[in-house]
Structures are given as C-alpha cells and as structure tokens.
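Report on the following structure.
Taken together, the values in this text are just the output of simple stated rules run on the coordinates, not laboratory data. Model, not experiment: these values are computed from the prediction. Note that each Cβ is placed from the backbone with ideal geometry, even for glycine, and that neighbours are counted across all protein chains shown.
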Amino acid sequence: MNIPNSQMELPSVAQNYECPECGIRFWTKSCLNNHQDVHSGEKPFTCTECEKSFRQKQALKKHLRTHTGEKPFACTECGKKFPRKYHLVIHQHSHTGVKPFMCTECGKRFSQISNLHNHFKIHKGEKPFSCSECGKSFRLKIDLTRHHTVHTGEKPFTCTQCGKSFSTSSNLTSHRRLHNGERLFTCTDCGEQFIRKYRLEEHVLIHAEYNPFTCTECGKSFFSKRSLRLHHATHTALRHFPCAECGKVLCSEKYLIKHQRTHIRGQNVRNLNLPSPVGNSAM
C-alpha cells in the first residue's frame, strides 16, 4: 500500500493577513486585529471593578476572576484550584517533580519561572529591596516584608491553640508541630528529631565536628552562624550597662549591681574617696 507523504495530505492554508506595521502574517483577520492593538496601544476592554484596561476581551475575562474569586482549573491530584490554566500547569510540577526552568549559570532547575528569576539574583548579586529603617537590602520583596517585623515588632500570625504570636507564617507552622507532636526531620547518625529542617542541618555538623564560624573576640568556634551570633552577643551586643564609678560596661543590670558592690566594699575596707564628715571639725 502506498502511503502518501504526510506533508502532501495537509491542507495548504495561506497566512494572508499581514500586519502593515511589522510585517508579521496571521492565519485569520481576528488574529491580525488582536495583534494590531500592540502597535496602537489601544485597550478597549475595561474592568468595571477597578477600571484596569486590556487589549483583548479574553484577558479581561481572566482578570475578572481576581475579583470574583473564580477558580475553574482544579488539580486532579490534590483538588487545589486555580484561576488560570497556566497556574494549574505550574502547580502540577510539584506532583510530577518536573523542573523545566534551568539556571544557565549553575544548572540548578526550578518548577516555576518566578523561582528561577529569584534564584538568578544570587549570581547577579542584586538586592533591589532596601529597608527604609536600617538600609539593609534583600533579594526578594517577601524577605524585606519579613525583616520589617524586626522594627515594628508586629506578630500577625497567632496560634489558635495557645495564643502565641509570630512574625511569619512559617514560624507559626513550625510552632503548631509542637502541639501535634510532629518531628519531621530525623538525624541518621543518632536518631534525634527536629521540627525545623535548619535545626537538623545545624545538628548534623556536630557529628561532623565541623565548626567553620570563629569568634574574633576569643577564638571559640561554632558549627553555625546563628550560634556564633548568639555567642558574640556576650562580647558586644549585650554590653550596655556602664558603671558610673569606673566606666566598665556590664552585660546586664544584674551584673552591674553585683559589680557596683565591689566599689562599696572597697570604700568600706580601704576608705577610698570618702567625703569629709559633715558638721565635724577638728578639735
């Protein structure tokens, strides 16, 4: 049997509609009309809720879902719903493990292009989001938002079981595991379990006897930057109680009071800098 060439069987459809601005050709006149809005800047479709305008009616239809809350695209794996099909496709990568977006610098792959863009800032050294309070800069806007709570003291995430509040939702999620008795991360060396992954990562370094963070004040080494920071406070950050007698700075009010007693005892024993008795004259 002589099977005809597949290309011969396909109907010949001419792209007869050419854009006079840029020369791109289209299959239909409606496609050409939609394309020409790019050149004219015309946005004839306006949202009645927020007055945002769009070039195409379909784009307005998708936008309206942000106001109505409509989520017509459901994941068959977990049931989660999305307002756009694109968001569903990206979400499904979390089930399949597909990571189609690769960093050209280091080869690391991501399931979402937004995560790739955020990752690429590491290579560029870009930190476009700066704190107006202290000037510290961050790669991501969400990191800046979290940092702001340091200055405001805001803790908007509250545990419904005990009422304890937290500055981030991730900290609240970790805290809830205490109530549930969850221990998600287990050390393969000793079996100790941790609620937070970074705690396990710090713990594993103990077994490896890896202490890369060294205190510049006393030379003591630590397995994590966090441990060094806490230790360093004993040398610097906590020293804010100065003695009025000798100028020595103590790390707490308790130690300042204890220190001041040495001056009082010294005066009693050695009679140092005692004021002249009032009302007594030499006989």
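For Lys248, a cut-off of 17 angstrom between C-alpha atoms picks up these lysines, skipping any fewer than 8 places away in its own chain: Lys258. Here the peptides 72-83, 166-177 are ranked by packing, the mean other Cβ count within 10 Å, and the order with the highest first is 166-177, 72-83.
Separation of the alpha carbons by more than 24 angstrom is noted, of Lys141/Lys220; Lys127/Lys225; Lys136/Lys225; Lys52/Lys155; Lys197/Lys225, for Lys141/Lys220; Lys52/Lys155. Straight-line reach only, C-alpha to C-alpha below 20 angstrom: list the aspartates and glutamates that Lys81 could link to, leaving out same-chain residues fewer than 8 apart. Those aspartates and glutamates meeting the cut-off are Glu70.
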